[in-house]
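**Q** Below are the structure tokens for one structure; questions will follow.
Please treat every number below as a calculation from the coordinates, not as lab data. These figures come from a predicted structure and were not determined experimentally. Cβ placement follows ideal geometry from the backbone for every residue including glycine, while neighbour counts extend to all protein chains displayed.
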Amino acid sequence: MHLKTENMISIKLDINKVLRNVINKKNQYTIPIFIPHEGCKNECVFCNQRKISGKTTSATKEDVHNTIEEYLTYFKDKGKDIEIAFFGGSFTGIDSKKQEEFLKIANEYVRLKRVSGIRLSTRPDYISPKILKMLKKYNVKTIELGIQSMDNEVLNISKRGHDILSVIRASRLIRLYGFNLGHQIMVGLPGSDKEKELLSIKRVISLKPQELRIYPVYVIKPSKLYDMYMEGSYIPLTVKEAVDRVYYIMKELQNTNIRVIRLGLQSTDEITVGNAELIGPVCDNFAEYVFAKMTRDEIENKLKEKKKNIDKYGCILKVITNKKYTSVIIGPNRINKKYFKEKYNVEMVLEDKGE
Ligand code: SF4
């Protein structure tokens with residue numbers, strides 16, 4: 001295509017700045033070990049662990065060992081860090097003997113330098129100095145807290161069984177004992193809204209976690225939330241609403257060093273998917289929609305600065321950027337390209353800044 005320069009607007013897009021909380025993610029392999037929380041006494045409305053009793057099986061020492069060995073055979077890039085991750089929600093709530101058995105196996109791999117670290121996820125009310133001392137002994141590096149919300153009413157309606165004070169206390173203790181701190185939060189919990197989620201993220205930021213996972217709430221069948229959905233007392237977010245909610249959270253994070261390590265569902269996380277049905281903002285490329293919206297924002301702001309030209313011409317919008325991120329900038333289903341065409345009658349093209 002021959003482009004006349006008078007019909008072209010050029011802008012520079014620093015994608016590393018826009019997506020700094022996600023791009024700076026560490027390049028590493030993870031060995032996920034799912035530990036179903038046997039005998040969890042809680043009844044979080046979105047969880048189906050209690051409802052599918054009989055379908056979850058207990059992990060054994062052999063399972064832990066075999067899973068680690070199996071994953072180690074897959075990893076080809078010797079330069080990457082390898083981390084063993086105990087997922088399943090409430091590691092420090094399972095039988096303490098069992099915790100130590102699992103950690104002993106994992107720590108042996110750390111000791112032999114076959115893996116670089118251990119992480120686990122748990123609940124804020126299952127953290128104490130005694131537990132942290134034990135985790136230190138086995139070289140656990142990162143503790144992720146499933147906090148879900150920093151609003152007591154939302155925690156209450158969601159039947160989380162802890163309040164925000166226990167989150168504050170646990171987060172401080174984890175940092176005090178020298179662990180990396182991770183938080184997991186949800187958007188679209190019953191009783192929640194955009195304002196409560198924005199307040200929550202501000203409270204999260206004040207606790208200085210190094211990492212964050214953000215999940216939209218899905219209704220899992222069977223679960224208490226599914227019953228609420230059937231009765232009409234809970235309406236799940238649409239994909240668009242969930243993308244918007246997460247987008248606003250990401251904007252709050254932009255001036256922090258908190259790394260967002262997950263956006264959207266992962267079957268090994270606190271919600272057990274199993275064979276259950278999912279209802280709500282289920283979308284394979286959920287994170288890409290959020291990133292595309294963030295990128296679009298930045299492009300649009302720069303475009304508005306040159307708006308006088310747009311009024312005059314249907315023109316070419318040349319975005320000079322790192323083309324490695326083309327799919328994010330164009331957006332899934334070319335959503336950003338279509339947006340600029342429809343709203344401003346400009347044709348977005350990318351040019352590699354050549355770095
Ligand atoms: S989400 Fe975690 S803490 Fe809540 S009921 Fe399920 S397993 Fe228990």
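**Q** Mind telling me which of H162, H183, H65 comes out most flexible in a GNM of the chain, alpha-carbon contacts under 10 Å?
**A** Top of the fluctuation ranking is H65.
**Q** Something else: With a cap of 14 neighbouring Cβ atoms within 10 Å, and only residues DSSP puts in a loop, list the trypsin sites (Lys or Arg not before Pro) found in segment 112-157. Numbers along the way, then the final one.
**A** Numbers: sites: K113, R114, R119, K130, K133, K136, K137, K141; in loops: K113, R114.
Loop-located and lightly packed - K113, R114.
**Q** If you don't mind, another one. Measuring from label point to label point, each 7 Å out along Cα→Cβ, what is the T73 to V282 span in nm?
**A** 3.2 nm
**Q** For segment 35-283, give the magnitude of the charge dipole about the Cα centre (Cβ charges: +1 Lys/Arg, -1 Asp/Glu; no others), in debye to the nearest 20.
**A** Numbers: 39 positive and 30 negative charges, 194 e Å.
With only Lys, Arg, Asp and Glu charged at Cβ, the dipole is about 940 debye.
**Q** Quick test of your reading: applying the under-4.7 Å Cβ rule, which cysteines of the chain are isolated?
**A** Within the chain, the cysteines lacking a partner Cβ under 4.7 Å are C40, C283, C315.
**Q** Give the order of I164, I147 when sorted by the count of other beta carbons within 10 angstrom, beginning with the fewest. Walk me through the numbers on the way to the answer.
**A** Details: I164 18, I147 28.
Taking fewest neighbouring Cβ atoms as first place, the list is I164, I147.
**Q** Hey, what did the chain get for relative contact order, percent, Cα under 8 Å, at least 6 apart? Please list the in-between numbers first.
**A** Details: 597 pairs, mean separation 75.1, N = 355.
The normalised contact order for the chain reaches 21 percent.
**Q** Follow-up. Given R₀ = 35 Å, FRET efficiency for T326-I168 by Cβ-Cβ distance, to 0.05?
**A** Details: r = 42 Å, r/R0 = 1.19.
E between T326 and I168, to the nearest 0.05, is 0.25.
**Q** Using the charge dipole of segment 110-182 (Lys, Arg: +1 at Cβ; Asp, Glu: -1 at Cβ; taken about the Cα centre), state which of G146, V115, L135 has its Cα farthest towards the positive end.
**A** V115
**Q** Quick one: length gained pulling N345 to K133 fully straight, 0.36 nm per residue minus the C-alpha distance? Could you put the intermediate results ahead of the total?
**A** Values: separation 212, 0.36 × 212 = 76.32 nm, distance 6.09 nm.
My answer for the length gained is 70.2 nm.
**Q** Listed here are the pairs K17/K80; K76/K251; K76/K141; K76/K133; K76/K221; which of them are more than 26 Å apart at the Cα? Write down the numbers at each step before the final one.
**A** Numbers: K17/K80 24 Å; K76/K251 36 Å; K76/K141 23 Å; K76/K133 34 Å; K76/K221 38 Å.
From K17/K80; K76/K251; K76/K141; K76/K133; K76/K221, over 26 Å: K76/K251; K76/K133; K76/K221.
**Q** For segment 35-283, what proportion of DSSP beta bridges, expressed in % and rounded to the nearest 5, is antiparallel?
**A** Working: 3 of 28 bridges.
If we restrict to bridges inside segment 35-283, about 10 percent are antiparallel.
**Q** On to the next question. Can you tell which of S233, S223, S200 shows the greatest fluctuation in a Gaussian network model of the chain with Cα springs below 10 Å?
**A** Highest fluctuation among the options: S233.
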